[in-house]
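Chemist: After the structure tokens below, expect a handful of questions from me.
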Number of protein chains: 2
Amino acid sequence: MSRSERLLDLIQILRRHRRPVSGRTLASEMGVSIRTLYRDIATLQGQGASIEGEAGLGYVLKPGFMLPPLMFTDEEIEAIVLGSRWVAKQPDSRLSAAATDALAKIAAVLPDDLREELDASTLLVGPAAGAVEGIDLGLVRQAIRNERKLGFLYRDAGGAASERVVWPFALGFFDKVRVVVAWCETRQDFRHFRADRISGLNATDIRYPRRRQALLREWRATLDVPRRGPGD
Amino acid sequence: MSRSERLLDLIQILRRHRRPVSGRTLASEMGVSIRTLYRDIATLQGQGASIEGEAGLGYVLKPGFMLPPLMFTDEEIEAIVLGSRWVAKQPDSRLSAAATDALAKIAAVLPDDLREELDASTLLVGPAAGAVEGIDLGLVRQAIRNERKLGFLYRDAGGAASERVVWPFALGFFDKVRVVVAWCETRQDFRHFRADRISGLNATDIRYPRRRQALLREWRATLDVPRRGPGD
DNA sequence: CGGCTGCTGCCAGAATCTGACAGTGGCCGC
DNA sequence: GCGGCCACTGTCAGATTCTGGCAGCAGCCG
């Protein structure tokens with residue numbers, strides 16, 4: 001196994017362990033000596049991976065994705081840049097900041113001439129369409145990622161308000177509105193909630209008893225239209 | 001210089017030469033032997049770079065971007081995936097295919113558990129908003145990239161039609177419409193053209209006499225609102 | 001204090017990379 | 001066909017890099 005492959009493996013092993021792992025454990029799992037492991041960690045850190053080591057504890061990888069070297073065509077990079085710019089315009093401030101950061105990260109590693117081409121890229125997106133949400137969509141995304149229950153007050157189309165406790169598992173981005181897709185404990189069914197009609201958001205620490213992927217699958221099955229793939 | 005750095009350098013050198021370059025030239029430019037160069041090329045090809053060699057001619061790199069290993073946070077990758085999904089829904093079929101391909105490329109190099117996470121990613125985009133354009137936006141993007149003149153018939157808001165020859169330099173994606181931003185030869189000024197009002201598109205081979213970046217800068221300067229950065 | 005751990009310098013042996021040479025086959029102009 | 005140019009492969013000794021073991025320092029905790 002080449003060194004570069006081993007480095008990617010190391011990232012994966014670190015990903016699997018959420019708690020701190022000692023260098024010795026990692027080394028034996030990869031079949032190398034501790035000394036080499038320290039060198040590998042240093043190399044990864046030099047490449048931008050956020051691995052933290054603390055004496056007496058072990059190593060932790062901050063949550064994230066490590067992409068190996070990758071080749072994109074002109075059109076593919078245009079698509080990614082355009083998409084990220086669109087996301088950057090969305091009302092979800094955390095996500096839009098992340099989109100900006102991601103583009104900056106890509107630009108940072110590019111040679112000058114390519115960076116210019118990226119900056120001068122000629123696909124533009126219009127200003128964000130809709131009104132600003134009253135709630136923090138970042139909290140919703142966090143609840144989805146961590147499979148936590150969400151409580152809030154919902155005002156439906158007729159104006160009637162109701163208290164809800166839901167298991168959120170997806171977030172839809174439409175032209176004007178953001179929609180939280182969830183299993184509603186109150187109604188015992190899948191429900192969609194327009195973000196602009198949600199108030200008094202309460203992000204709990206209570207894990208809901210299902211896997212988010214499973215909920216997503218079931219929800220899709222309830223839709224009339226046949227669905228081709230993820231994200232449709 | 002480490003081997004991996006040298007490989008990135010090789011990509012850059014290949015990028016600079018648009019015409020085929022012989023292996024010997026490349027080798028001397030990098031200060032290595034021809035044998036090593038062949039080995040490097042083989043390694044790059046193994047990593048997915050589309051380098052083509054032909055006996056009697058030399059090597060050419062198909063236009064594209066090579067990204068070095070890169071680390072993204074969870075939110076950054078969510079932003080990129082969401083953005084690409086949005087692009088994939090746009091009416092521009094070439095670009096939307098490119099977005100799909102880019103996601104597939106990323107998914108292909110990810111370990112299984114991460115690929116699942118990506119597939120089950122819970123940020124969804126609604127169906128494409130507007131009507132289908134009658135023209136091939138791919139041709140417009142190509143004309144922009146290559147700085148070529150574009151001819152077409154334009155029907156303005158009042159219904160009046162006119163023949164135009166323009167220097168296109170940007171393409172705007174708005175809620176419902178795509179807008180071509182260009183210097184209009186006919187009117188001798190910057191003009192915006194809604195894609196759905198363009199017909200009889202004629203992509204010429206005639207290069208226009210200005211740089212697209214410069215046009216973009218001048219156009220931005222003519223706008224009232226102060227602009228913060230690229231893509232705004 | 002002792003035990004555990006991260007982290008660095010050093011050095012000999014293992015593994016890999018490199019350069020040179022030889023050879024094959026394709027393409028092109030003469 | 002012939003010769004020149006070039007991409008590409010196999011082989012092998014020497015240069016280079018990587019690796020593992022050892023020693024040592026520093027921080028944290030019971």
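Chemist: Considering the rotational relationship between chains A and B, which residue of chain A contributes the beta-carbon of minimal distance to the axis, and what is that distance to the nearest Å?
Modeler: Closest Cβ on chain A to the axis mapping it onto B, in Å: A:GLY83, 1.
Chemist: Now a separate question. Taking the Cα centre as origin and putting +1 on Lys and Arg beta-carbons and -1 on Asp and Glu beta-carbons, what dipole magnitude results for the stretch A:1-94, to the nearest 20 debye?
Modeler: 520 debye
Chemist: Next up: Restricting to lysines 8 or more places apart or on different chains, can you count the pairs in the protein assembly as shown with Cα atoms under 23 Å from each other?
Modeler: 11
Chemist: So, one more: Please state the charge dipole magnitude for the protein assembly as shown, taken about the Cα centre, from unit charges on C-beta atoms (+1 on K and R, -1 on D and E), reported in debye and rounded to the nearest 20.
Modeler: Roughly 80 debye, rounded to the nearest 20.
Chemist: Moving on. Per DSSP H run of n ≥ 4, the term is -39500 (n - 2.57); total these for the protein assembly as shown, divide by its residue number, and report the mean residue ellipticity at 222 nm rounded to 500 deg cm²/dmol.
Modeler: Result for the protein assembly as shown, helices only: -13000 deg cm²/dmol.
Chemist: Which whole number in µm²/s is D for chain A by Stokes-Einstein, with the Kirkwood Rh taken over Cα pairs at 25 °C and 0.890 mPa s?
Modeler: The estimated diffusion coefficient comes to 116 µm²/s.
Chemist: Another question, then. Projected onto the charge dipole of chain A (+1 at Lys/Arg Cβ, -1 at Asp/Glu Cβ, origin at the Cα centre), which of A:TRP219, A:GLY46, A:GLY138 gives the Cα projection farthest towards the positive end?
Modeler: Comparing the listed Cα positions along the dipole, A:TRP219 ranks first.
Chemist: Step through the residues of the stretch A:150-159 one at a time and calculate ³J(HN,Hα) from phi using the Karplus curve (6.51 cos²θ - 1.76 cosθ + 1.60, θ = phi - 60°), rounding each to whole Hz and writing x for Gly and Pro.
Modeler: 10, x, 6, 9, 10, 10, 7, 4, x, x
Chemist: A follow-up question, please. Give, rounded to the nearest 20 debye, the magnitude of the charge dipole that chain B has about its Cα centre when Lys and Arg contribute +1 at Cβ and Asp and Glu contribute -1 at Cβ.
Modeler: 1240 debye
Chemist: So what's Rg/Rh here for the stretch A:98-223, counting alpha carbon atoms and using the Kirkwood radius for Rh?
Modeler: Expressed as Rg/Rh, it is 1.10.
Chemist: Rank A:TYR208, A:LEU171, A:GLY23 by how far each Cα sits towards the positive end of the charge dipole of chain A (+1 on Lys, Arg Cβ; -1 on Asp, Glu Cβ) and give me just the farthest.
Modeler: A:TYR208
Chemist: Specify the residue with the greatest mean-square fluctuation among B:PRO63, B:PRO111, B:PRO209, computed from a Gaussian network of chain B linking alpha-carbon atoms under 10 Å apart.
Modeler: B:PRO63
Chemist: Taking K and R as +1 and D and E as -1, what net charge do the other residues with C-beta under 10 Å from the C-beta of A:GLY138 add up to?
Modeler: After counting each charged neighbour, the total is -1.
Chemist: Please give the peptides A:164-174, B:186-196 ranked by average Cβ packing (other Cβ atoms within 10 Å per residue), highest first, as a rough proxy for protection.
Modeler: For the peptides A:164-174, B:186-196, the packing ranking is A:164-174, B:186-196.
Chemist: Taking chain A as a Gaussian network, where each spring joins two C-alpha atoms under 10 Å apart, which residue of A:ILE106, A:ILE198, A:ILE51 fluctuates the most?
Modeler: Looking only at A:ILE106, A:ILE198, A:ILE51, the biggest GNM fluctuation is shown by A:ILE51.
Readers should treat all values here as calculations from the given coordinates under stated rules, not as data from a laboratory. Model, not experiment: these values are computed from the prediction. Every residue, glycine among them, receives a Cβ derived from its backbone with ideal geometry; neighbour counts consider all protein chains shown.
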